Number of protein chains: 2
Amino acid sequence: MKRGVSQGGYSLREKIFQKLRQDILDGKYKAGDSLVEMKLAEEMGVSRTPVREAIRQLELERLVSSIPNKGVFVEGITRQDIEDIYAIRECMEGLAARWAIERMDEKSLRELENIYDLMEFYTTKGDLDQVGELNSQFHDIIFESTKSKPLMQILSDFQYYIENIRLASLKAPGRAMQSLIEHKAIVQAFKERDIAKGEKVLVEHISNSRLNVEKMPKA
Amino acid sequence: MKRGVSQGGYSLREKIFQKLRQDILDGKYKAGDSLVEMKLAEEMGVSRTPVREAIRQLELERLVSSIPNKGVFVEGITRQDIEDIYAIRECMEGLAARWAIERMDEKSLRELENIYDLMEFYTTKGDLDQVGELNSQFHDIIFESTKSKPLMQILSDFQYYIENIRLASLKAPGRAMQSLIEHKAIVQAFKERDIAKGEKVLVEHISNSRLNVEKMPKA
DNA sequence: ATTAACTATATTGTATACAATACAGAAATT
DNA sequence: AATTTCTGTATTGTATACAATATAGTTAAT
């Protein structure tokens, strides 16, 4: 959980970017709020320069929008955005599965298995925050195994955007166990290098996650 | 064709960003080249500040990568990236068609028809640069009609990345006319608000574009 | 009272100044 | 000769200074 400006990435700008992004996704800044460089800089005890650079990056991500000489305003992620992201993932994870299975090396495969084992452990233990973290790692390994820069870029950014709601939905009754079973099927298909099966179980997993999220209260 | 720093967007930073991005996509800077802030600033007759901000945005797009305290290096778009982008579009444009047909208003539909008419005109006339520009507009209207921020973001960025090769492939013998016919089918399906047909013809269009690009010389 | 012009202030945009870091090449040591 | 340490330089990272712009509030004109 990266917070504050004293830990995290390397440069100030990087840390500020991470923090602002997290704050926006956490709803600490709401859509329409204006971000004033000087104010943020003072709050974090830095100059405007790294704050500006972080904002420029948020702008490219469309998490904020900037009106020249006027100010920067939070866009954030809406419920609709999240639903769209799930629909998009449902389209794309089949492709991700195929490429990953074709291109994944043994090392990544073992990593995937390790993460699955840990997920099993923490699910049994009931530590769902830990499971959520492992879940992100699990899917990141798949994304990276596709060796596709464009695909990685989309899917890992999107995964980050929906992290909060994903974690919340994991806490719905029974979902953690169901999710675990789905991940097991994914690992199995990947180990067998069975592309058809891999596409099928991964897409089903996303579809189930999506249904689960859509059942969540809209708050 | 946005070039130089004297025209284009609003702020210096914006103009510099556009120019650097275009130069990278045009291959003026090649993968591995290092971008030195001071050098770029002098070339464009500005200070380092707006150059830095532009670079930070390119970094987020992964068109350059930055090693702290060391430098910024061009990543660019590889042939593999372009092929991946077509594969991704083939997955996603079906969704785009569905959403666009469901949500498109009459005004956008008429715009689409207008653009098609112009495409027809310029194709007959043989002005393929103009056709290429219209092509981008055509698909942008579809993306915007989906009213989906995540989908628009992906597809319009990707469209920009492949603009050069798309234009080149349009100049392959017979491709312009074939492409025109495909666009006509798309307009037709959209006018009829026929989702199944719209998905089919749009995905086929992408698939054909992709095959056409893959036939291109790799230079 | 309404509108227009002006002024003050807040904020962003850009340039410059200073600090920290990385690296290459020279000098010193073994 | 090989290795280490030093030192200078180029470059990035951050802070500050200055310029331009937008907006709100006030005054002036009708």
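The residue list B:23, B:84 contains one member that is in contact with a Phe, Trp or Tyr (Cβ under 6 Å, 6 or more places away or on another chain), of a type in the set (Asp, Glu) and without any contact (Cβ under 8 Å) to a residue 24 or more places away in the chain, which is B:23.
Can you find a residue that is within 16 Å of DNA strand C (Cβ to nearest atom), in contact (Cβ under 8 Å) with a residue 24 or more places away in the chain, of a type outside the set (A, V, I, L, M) and not assigned by TED's automatic domain parsing to the domain that holds residue A:165 anywhere in the stretch A:1-10? The answer is no, given that none of the residues of the stretch A:1-10 is within 16 Å of DNA strand C (Cβ to nearest atom), in contact (Cβ under 8 Å) with a residue 24 or more places away in the chain, of a type outside the set (A, V, I, L, M) and not assigned by TED's automatic domain parsing to the domain that holds residue A:165.
Residues in the stretch A:68-92 that are more than 10 Å from every other protein chain (Cβ to nearest Cβ) and either within 21 Å of residue A:17 (Cβ to Cβ) or not in a helix (DSSP H, G or I) (or both): A:70, A:71, A:72, A:73, A:74, A:76.
Considering the stretch B:96-192, the qualifying helices (runs of 4 or more DSSP H), each wholly inside and each with 2 or more residues that are more than 15 Å from the chain's Cα centre (by Cα) and in contact (Cβ under 8 Å) with a residue 24 or more places away in the chain, run over B:106-125, B:128-145, B:175-191.
Would you call residue B:53 crowded, with 19+ Cβ neighbours inside 10 Å, within 16 Å of DNA strand C (Cβ to nearest atom) and at pLDDT 95 or above?
On the way: crowded, with 19+ Cβ neighbours inside 10 Å: yes; within 16 Å of DNA strand C (Cβ to nearest atom): yes; at pLDDT 95 or above: yes.
For residue B:53, the condition - crowded, with 19+ Cβ neighbours inside 10 Å, within 16 Å of DNA strand C (Cβ to nearest atom) and at pLDDT 95 or above - is met.
Selection over the stretch B:51-67 of residues that are more than 7 Å from every other protein chain (Cβ to nearest Cβ) and more than 15 Å from residue A:55 (Cβ to Cβ) gives a count of 7. Would you check if there is a residue in the stretch A:20-42 being hydroxyl-bearing (Ser, Thr, Tyr) and in the same structural domain as residue A:153 (by TED's automatic domain parsing)? So far as the stretch A:20-42 goes, no, none of its residues is hydroxyl-bearing (Ser, Thr, Tyr) and in the same structural domain as residue A:153 (by TED's automatic domain parsing).
Quick one: how many residues across the stretch A:25-50 are assigned to a loop (DSSP other than H, G, I, E, B), more than 14 Å from every other protein chain (Cβ to nearest Cβ) and away from DNA strand C (no atom under 12 Å from the Cβ)?
Initially, the stretch A:25-50 is screened for residues assigned to a loop (DSSP other than H, G, I, E, B), giving A:26-33, A:36, A:45-47.
Next, from what is left, pick out any that are more than 14 Å from every other protein chain (Cβ to nearest Cβ): A:26-30, A:32-33, A:36, A:45-46.
Pick out the ones that are also away from DNA strand C (no atom under 12 Å from the Cβ) and you get A:26-30, A:32, A:45-46.
Number of matching residues: 8.
Quick one: is residue A:93 modelled with pLDDT of 95 or more, within 16 Å of DNA strand C (Cβ to nearest atom) and of a type in the set (Asp, Glu)? So residue A:93 fails the test. Within the stretch A:133-180, if we keep just the residues that are within 14 Å of chain B (Cβ to nearest Cβ) and among the charged types (D, E, K, R), the residue that is surrounded by the most Cβ atoms within 10 Å (Cβ to Cβ) turns out to be A:144. Screening residue A:86 on (1) within 15 Å of DNA strand C (Cβ to nearest atom); (2) among the aromatic types (Phe, Trp, Tyr); (3) assigned by TED's automatic domain parsing to the domain that holds residue A:165 shows it passes everything except condition (1).
Within the stretch A:57-81, the set of residues being in contact with a strand residue (DSSP E or B) (Cβ under 8 Å, 6 or more places away or on another chain) and within 16 Å of DNA strand D (Cβ to nearest atom) comprises A:58, A:65, A:66, A:67, A:71, A:72, A:73.
Which residues, counting only those in the stretch A:56-74, are near DNA strand C (Cβ under 8 Å from one of its atoms) and within 21 Å of the chain's Cα centre (by Cα)? Let's see the steps before the verdict.
Filtering the stretch A:56-74 for residues near DNA strand C (Cβ under 8 Å from one of its atoms) gives A:66-72.
Scanning the stretch A:56-74 gives no hits.
This table checks each residue for (1) under 18 Å from residue B:124 (Cα atoms); (2) touching an Asp or Glu at 6+ places or on another chain (Cβ under 8 Å).
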{"position": "B:157", "(1), (2)": "no, yes"}
{"position": "B:170", "(1), (2)": "yes, no"}
{"position": "B:186", "(1), (2)": "no, no"}
{"position": "B:198", "(1), (2)": "no, no"}
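Scanning the stretch B:187-219 for residues that are within 20 Å of residue B:104 (Cα to Cα) and of a type in the set (Asp, Glu) returns B:192, B:194, B:199.
The values are calculated or read from the model by the stated rules, or taken from the named source; none is laboratory data. This is a predicted model, so every value here is computed, not measured. A quick note on method: Cβ atoms are made from the backbone with ideal geometry, for glycine too, and the neighbour counts reach across all protein chains shown.
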